[in-house]
Each structure stands twice: as C-alpha cells, then as structure tokens.
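Every number here is computed from the coordinates shown, using simple stated rules; none is lab data. The structure presented is a predicted model; accordingly, all values stated were derived computationally and were not measured. Cβ coordinates were reconstructed from backbone atoms using ideal geometry, including for glycine residues, and neighbour counts include every protein chain displayed.
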C-alpha cells in the first residue's frame, strides 16, 4: 500500500508521516485491495481538516473528509467514514462482507 501524506502546516514532517503511516497500516492494512492512500491535513480558522483518498484495486476512488478542533478527532472521523465506504466497496466488488486477503483469493488456475 502506497501512502502519501501532505501536511504543509506541520513543522515536524517526518514524525507526522511516520504517525499516519503507522495508523493507516494498522487500521487499513488488512484490506489488500487498497493500493494507495493520500492524506491531506489542513488548518482552517483553528479547526483541523483531514481528508483521505483511497485507490482500490478495482473501481473508483474512495474519499472522506472531516473537520474538528483537534487533528486526531478529525482523522478518526474521516477514518470511520472511509471504513464504511470500504465495506460497501467490498460487498460490491467481492460479494462478501468479510475481509478479503491476498492469501484467500482463488484464481481460475487453482480451481482446475
């Protein structure tokens, strides 16, 4: 999973990238069909805004954005919203509400 973090107003870029990379791998790493995640963090009028954009293996991009007084709360709200979209995506593209992992995929060659 390729993770890109854009947080121009953060002074500690390395720590910010490390934190979000760890959190996203922890929360979304089980979804092997997610190929890329873009995270954008902004500060507007004292509120923090976090947006998440995911590129799944099939289908269209998934997007969620949340604002709150703290960056952590905004991130958690955006993450909750994107997880709902991931579950819907999974049901449509894999016809299963269960987690889809690479080791569970069955190819046509394995069926023969």
**Asked** For the residues 81, 51, what sequence is obtained by ranking on other C-beta atoms within 10 Å, fewest first?
**Response** 81, 51
**Request:** Could you work out how far apart the two model spin labels at residue 57 and residue 73 are, taking each label as a point 7 Å from the Cα in the direction of the beta carbon, and quote it in nm?
**Result:** 3.8
**Message:** Quick check on the exposure proxy: order 37, 86 from fewest to most C-beta atoms within 10 angstrom.
**Reply:** 86, 37
**Item:** Ascending count of other beta-carbon atoms within 10 Å, so fewest first, for 14, 68
**Value:** 14, 68
